[in-house]
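Asker: Dumping the structure here so I can ask a few things about it.
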Amino acid sequence: MNIKTTVTLSERNLRYAEKMVEEGAFPSVSDVIEASIEQMMLNSQSSDDPLAGMADEIRRRMELPRDQWISMKDDDVFENVRARIRARSKE
C-alpha cells in the first residue's frame, strides 16, 4: 500500500532525481526516493547478513579498474577441480 506524503529535498538532490527520471532509470522522482530508502534498508541489514556482506564485497571488487581484476585465464583453480573430479570418477 502506498501512502502519499510530502518530502522536502535540497535543490541538488531534486536535480539529481529528476536527471535519473529523464535518463529513464526511474519512472518518477518518487521511485528514485523509494529506491534510495530501500538501499539504505539493505545496507543497514548487511552487517548482520553474511550474504549481504558478500554482495557488498563483490560490488566493491567490480568497481576496481579492469587492470586490477584477477585473470581467470592463468588461474588453474578450475583445472584442479576437474582433476579431483576425474580422480573420483575413476574410483
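Asker: With springs only between Cα atoms under 10 Å apart, run a GNM on the chain and tell me which of Ser71, Ser30, Ser44 wobbles the most.
Answerer: Evaluated over the chain, the most mobile residue of the options is Ser71.
Asker: Exposed loop sites here are trypsin sites (Lys or Arg not before Pro) in DSSP loop states with at most 14 other C-beta atoms within 10 Å. What is the longest stretch of the chain lacking them?
Answerer: Formally, the longest exposed-site-free interval is 5-72.
Asker: Okay, next question. Counting residues in the chain as N, plug N into 2.2 N^0.38 Å and put the Cα Rg over that result.
Answerer: Taking N as the residue count of the chain, the ratio is 1.81.
Asker: Right, another one. Provide Phe78, Phe26 in ascending order of the number of other Cβ atoms located within 10 Å of each residue's Cβ, fewest first.
Answerer: Starting with the residue having the fewest Cβ neighbours, the order is Phe78, Phe26.
Asker: Please work out the Kirkwood hydrodynamic radius for the stretch 1-52, using every pair of different C-alpha atoms, and report it in angstroms with one decimal place.
Answerer: Radius from the Kirkwood sum: 12.5 Å.
Asker: About the Cα centre of the chain, what is the dipole size in debye to 20, counting +1 per Lys and Arg Cβ and -1 per Asp and Glu Cβ, all else neutral?
Answerer: So the magnitude is around 400 debye.
Asker: Would you mind telling me which residue in Asn43, Asn13, Asn80 has the biggest mean-square fluctuation in a Gaussian network model of the chain, where springs connect alpha carbons within a distance under 10 angstrom?
Answerer: Checking each option, the largest mean-square fluctuation is seen for Asn80.
Asker: Between Glu63, Glu11, Glu79, which gets the highest mean-square fluctuation from a Gaussian network model of the chain, Cα cutoff 10 Å?
Answerer: Glu79
Read-outs throughout are calculated quantities, based only on the coordinates presented, and are distinct from any laboratory measurement. Note that the structure is predicted; figures quoted are calculated from it, not measured. FYI the Cβ positions are ideal-geometry reconstructions off the backbone, even for glycines, and counts take in every protein chain you see.
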